[in-house]
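Trainee: Just passing along the structure, written as structure tokens.
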């Protein structure tokens, strides 16, 4: 499943199959993964030069799941913990020329244990 993305103030068209922001040379790929409610997001900078590109997106714009209140976000390539984000929080990334920023977002569940 490929979804739309946006540049700061532009709206997202979730019904679209692919988004290729020509002026930014940015493509965003989104795929549901396990566990249920999780997604993988890849932000691709297709520009071969001109330095890194900044890009922002919200997880709420990448999924139709309205039951998740927070996601635990991890960078895929090095396993680095990025943070815990509400679906409406902006995730700001910088992507090198011809590079990709690849994350997984897994629903964050707080486990309470009775003492």
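The values are calculated or read from the model by the stated rules, or taken from the named source; none is laboratory data. Just so it is clear, the model here is predicted, and its values are computed rather than measured. Positions of Cβ are backbone-derived with ideal geometry, glycine not excepted, and every protein chain shown enters the neighbour counts.
Trainee: Hey, among 49, 54, which residue is part of a strand (DSSP E or B), at pLDDT below 90, more than 12 Å from the chain's Cα centre (by Cα) and within 19 Å of residue 25 (Cα to Cα)?
Mentor: None of the other options fit; the residue is 54.
Trainee: Is one or more of the residues making up the range 72-79 more than 14 Å from residue 107 (Cα to Cα), assigned to a strand (DSSP E or B) and either over 14 Å from the mean Cα position of the chain (by Cα) or modelled with pLDDT of 90 or more (or both)?
Mentor: Looking through the range 72-79, at least one residue is more than 14 Å from residue 107 (Cα to Cα), assigned to a strand (DSSP E or B) and either over 14 Å from the mean Cα position of the chain (by Cα) or modelled with pLDDT of 90 or more (or both).
Trainee: Out of 103, 39, I need the residue that is touching a helix residue (DSSP H, G or I) at 6+ places or on another chain (Cβ under 8 Å) and either surrounded by 13 or more Cβ atoms within 10 Å (Cβ to Cβ) or at pLDDT below 90 (or both). Which one?
Mentor: Details: 103 fails: touching a helix residue (DSSP H, G or I) at 6+ places or on another chain (Cβ under 8 Å).
None of the others qualify; the one that does is 39.
Trainee: Further, regarding this structure: Out of all the residues in the range 92-100, is one or more modelled with pLDDT under 95, outside any strand (DSSP E or B) and farther than 22 Å from residue 49 by Cβ?
Mentor: no
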